[in-house]
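Visitor: Got a structure for you, written out below as structure tokens; questions coming shortly.
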């Protein structure tokens, strides 16, 4: 899914810590962790890998790709309080 520019601008300062916490709030469970790599699974067996570094953010292209892999839409981002509008 393509996110609009205003939505991506709100996510510009989303840290990887915030993303991992949002995944856990949404029901994803951490499957494994090796060094800077965290793997999360949802209830259907879908997996997503986050290269985690405390306090670091992602570029907008990478973030957009990760959000596509997760499968969140704008309503999910609002529900998880990652964006305001």
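Visitor: In nm, what is the difference between 0.36 nm times the number of residues separating residue 32 and residue 68 and their Cα-Cα distance?
Guide: Value of the extension gain: 10.9 nm.
Visitor: Give the whole-number value, in cubic angstrom per residue, of the convex hull volume spanned by the C-alpha atoms of the chain.
Guide: On the way: hull volume 7.1 nm³, N = 85.
Cα convex hull per residue, to the nearest whole number: 84 Å³.
Visitor: Connecting C-alpha atoms closer than 10 Å in a GNM of the chain, tell me which of 25, 34, 12 has the biggest fluctuation.
Guide: Between 25, 34, 12, it is 34 that shows the largest mean-square fluctuation.
Bear in mind these aren't lab numbers, they're just calculated from the coordinates by the rules spelled out. Bear in mind that the values here come from a model prediction, so they are computed numbers and not experimental data.
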